[in-house]
Amino acid sequence: MNKAFVREPDDTGAGYCPRCGSLGTPVSAETLAAQLDQESRKQLADSAFYCPFPKCDVAYFDRFERTVGFERLKSTAYPKDPSAPICNCFVFTTAEIDADLREGTTARTKDLLAKANSPAAHCTTASPDGRSCAAEVQRYFMRARSPST
């Protein structure tokens, strides 16, 4: 077939982790500077991605398949470390969500979600993926509330 009639794939801007193949979350230079020391930061291009797959040991990668491991982060990060805060801005852990569920309340979780949507949240620098924890908190809450049997 003549190449003139073959459509080239669109560059969607997506980045896939070279280690596990997961779709990465684009991160800003501000996030990388806050989460990595200068030496680790220099290993990546200006445009980089966070690998969200919990079992992958890569934290950040770029389109040149250069990586920085999870162990190089300045602080621990959920879900790669399940004991780490699910919200780094307000040091909120999954144990607090579990306590809400045990007590039959949502007070702590609702309070966190309100804070996460307030100007006090500093997700760009506190969170390894540079995003708000709200979606992850809600996912965790729903999974923990109705565990599969």
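Observations
- Failed item, numbered, when residue 149 is tested on (1) modelled with pLDDT under 95; (2) crowded, with 19+ Cβ neighbours inside 10 Å; (3) more than 18 Å from the chain's Cα centre (by Cα): (2)
- Meets criteria (modelled with pLDDT of 95 or more and either over 25 Å from residue 32 (Cα atoms) or touching a Ser or Thr at 6+ places or on another chain (Cβ under 8 Å) (or both)) for residue 85: yes
- Lone qualifier among 53, 90 - being within 20 Å of residue 19 (Cα to Cα), of a type in the set (A, V, I, L, M, F, W, C) and in a loop (DSSP other than H, G, I, E, B): 53
- Selection status of residue 104, surrounded by fewer than 17 Cβ atoms within 10 Å (Cβ to Cβ), modelled with pLDDT of 95 or more and under 24 Å from residue 16 (Cα atoms): no
- Selection of the stretch 40-51 for residues being within 17 Å of the chain's Cα centre (by Cα) and modelled with pLDDT under 95 yields only 47.
- Given (1) in a loop (DSSP other than H, G, I, E, B); (2) surrounded by 15 or more Cβ atoms within 10 Å (Cβ to Cβ), index of the condition residue 97 fails: (1)
- Residue among 68, 91 that is assigned by TED's automatic domain parsing to the domain that holds residue 118 and either out of contact with any Pro (no Cβ under 6 Å at 6 or more places or on another chain) or of a type outside the set (D, E, K, R) (or both): 91
- Members of the stretch 38-64 that are surrounded by fewer than 13 Cβ atoms within 10 Å (Cβ to Cβ) and under 18 Å from residue 124 (Cβ atoms): 46
- Flag if residue 138 is assigned to a loop (DSSP other than H, G, I, E, B) and touching a residue at least 24 places away in the same chain (Cβ under 8 Å): no
- Residue within the stretch 9-26 that is at pLDDT 95 or above, in contact with a Lys or Arg (Cβ under 8 Å, 6 or more places away or on another chain) and aliphatic (A, V, I, L, M) present: no
- As for the stretch 70-79, it holds at least one residue that is under 20 Å from residue 30 (Cβ atoms), in a helix (DSSP H, G or I), in contact (Cβ under 8 Å) with a residue 12 or more places away in the chain and over 13 Å from the mean Cα position of the chain (by Cα).
The values are calculated or read from the model by the stated rules, or taken from the named source; none is laboratory data. In this text, all values refer to a predicted model and were calculated from it rather than measured experimentally. A quick note on method: Cβ atoms are made from the backbone with ideal geometry, for glycine too, and the neighbour counts reach across all protein chains shown.
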